[in-house]
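Inspection log for the structure reproduced underneath, given as structure tokens.
The values are calculated or read from the model by the stated rules, or taken from the named source; none is laboratory data. Not measured: the values here are computed from a predicted model. In this analysis, Cβ positions are derived from the backbone assuming ideal geometry, glycine residues included, and neighbour counts consider all displayed protein chains.
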Amino acid sequence: MRIQCPHCGERGSEEFLFRGAADPQRPAADASAEAWSDYVHLRDNPVGPYNELWQHQHGCRRWLVVNRDTTTHEIFSVIDAANRERVA
Amino acid sequence: MSYSFLRIAREALRGGTGWSRAWRDPAPKPQYDAIVVGGGGHGLATGYYLAKEHGLTNVAVLERGWIGSGNAGRNTTIIRSNYLLPGNEPFYEHSMKLWEGLEQDLNFNTMVSQRGVLNLFHSDAARDAAARRGNAMRLNGVDAELLDAAQVRAMVPQLEFASTRFPIKGGLLQKRGGTARHDAVVWGYARAADRRGVDIIQNCEVTGIRVEGGRVLGVETTRGFIGSAKVGLACAGHSSVVAAMAGLRLPIESHVLQAFVSEAIKPMIDTVVTFGAGHFYISQSDKGSLVFGGDIDGYNSYAQRGNMPLVEDVAEACVALLPQSSRLRMLRSWGGVMDMSMDGSPIIDRTPIDGLYLNAGWCYGGFWLVFRPHHRPQRGARAECGDAAGPVRQRCRHR
């Protein structure tokens, strides 16, 4: 699997650290225990395209949002996590 | 038809013309007392024990492909009960005892081989942890032996003992652990369940779960609607997908775990060796192949194949532990899709929907626990295995 880092170019996935789902929104600090439990534990875990966080650990060390198919491993888009809201 | 030596002898003389199919191929009935979704080890065992222990024979086990085509056919066949926590150990030991009587119970040769499972350790701290685990096992009446380096060397002399990074200081041995023939387990349970009247329905994919007023009514399948007031899900790897059909969101991610076999060689390892420091374990099949594996690839995946970096990682660990394996060729590798639960614990429980039961989240440890449904784990097991009050209500959410 090769990931197109927006800063470093195309690199092997072994340079990257996988963090997990990119979509869950962190609850407010005073949110209920249930909301926090959902955020920490529950996942959509879809078959197909999935937004996930990868860090280019052995490169620029930036956090990236990778949209990747969980069945074919095809990667549709990679953006720097800092640019995410501007893009979305 | 019961299998026995006399039967084999008779069929040998008759040219094998008297064998009949091991289980029926029934069309789905419109209504069952219980439906189990998933024809792997867990689903078939559930069907079998529902019939045997609970007298519930109007039961169907539905399988999308052919039985055992998922993780039951993709694991590395190890059985063991070397767990630490009080909630885990009696539960896994119950399963181990089932393995020990399984062939007689099923009248099927599942090739259970209690060749031992040896967990190596490489530091004083790891020895302390192994001793603690072994003591916990023995407190639960399970066999465990702490071996020093000389004892490990006498048992498996071909390991790399002189490694400077991970010198072998000893190992924790469970002699009753070992391996079983994974396909035979599937076939044995299917045949035994079928003989008790359970319908094993293959090529029948569940495409929806019909729920009305908070109660399950049955499942939509590629072979039509099948009704039942009780539906159990045992589709590890795809648990999230199937549970989503009933509107449930689970604390699970699906990950791919690879396994490997080498070309066949003469007998070399007569036990199961795990090299936890290198995320590696190995045994040898009856055909002579070394069977080994390592860590999960580490990203969400429903593909039953992994990527190259992990292949390299596992090969490195293999050579580090067994230097002579560097000249072996790898014959095959494959991947299975694991339900990785967020806390590493499985879920066997009711769900917020009446009549819908869930068996999921086994991580990479599902094979050695073909379990008996409704078996009450001993006190203390609840935190791990399910509480009568319904922890799934706490661990998954109905949207």
Pair list, Cβ under 6 Å, 6 or more apart: segment A:25-48 residue more than 9 Å from chain B (Cβ to nearest Cβ), other residue outside any loop (DSSP other than H, G, I, E, B): A:27/A:35; A:27/A:36; A:27/A:39
Matching residues in segment B:356-387 - criterion: being modelled with pLDDT under 65 and outside any loop (DSSP other than H, G, I, E, B): B:382, B:383, B:384, B:385
Selected residue (criterion: nearest to the other protein chains (Cβ to nearest Cβ)) from residues of segment B:294-340 that are more than 23 Å from residue A:17 (Cα to Cα) and part of a strand (DSSP E or B): B:333
Options A:25, A:57; residue that is assigned to a loop (DSSP other than H, G, I, E, B) and either at pLDDT below 95 or not polar (S, T, N, Q) (or both): A:25
Residue check for residue B:176: modelled with pLDDT of 95 or more and over 15 Å from residue B:118 (Cα atoms): no
Members of segment B:122-160 that are touching an Asp or Glu at 6+ places or on another chain (Cβ under 9 Å) and not in a helix (DSSP H, G or I): B:140, B:141, B:142, B:156
Long-range neighbours under 9 Å by Cβ, at least six apart or interchain, first residue closer than 18 Å to residue A:45 by Cβ within segment B:342-357, second surrounded by fewer than 16 Cβ atoms within 10 Å (Cβ to Cβ) and of a type in the set (Val, Ile, Thr): B:342/A:40
Single residue of segment A:28-46 satisfying the filter (assigned to a loop (DSSP other than H, G, I, E, B) and not small (Gly, Ala, Ser)) that is surrounded by the fewest Cβ atoms within 10 Å (Cβ to Cβ): A:30
Scan of segment B:315-336 for residues that are hydrophobic (A, V, I, L, M, F, W, C) and either in contact with a His (Cβ under 6 Å, 6 or more places away or on another chain) or crowded, with 24+ Cβ neighbours inside 10 Å (or both), ordered by number: B:318, B:321
Subset of segment B:246-272 that is under 20 Å from residue B:355 (Cα atoms), within 12 Å of another protein chain (Cβ to nearest Cβ) and among the hydrophobic types (A, V, I, L, M, F, W, C) - its residue that is surrounded by the most Cβ atoms within 10 Å (Cβ to Cβ): B:250
Helices (runs of 4 or more DSSP H) lying entirely in segment B:1-109 (those with 1 or more residues that are surrounded by 17 or more Cβ atoms within 10 Å (Cβ to Cβ) and in contact with a His (Cβ under 7 Å, 6 or more places away or on another chain)): B:89-106
Unmet requirement for residue B:291, which otherwise passes all of (1) buried (at least 21 other Cβ atoms within 10 Å of the Cβ); (2) out of contact with any helix residue (DSSP H, G or I) (no Cβ under 9 Å at 6 or more places or on another chain); (3) part of a loop (DSSP other than H, G, I, E, B): (3)
Verdict on residue B:353 being more than 14 Å from every other protein chain (Cβ to nearest Cβ) and modelled with pLDDT under 95: no
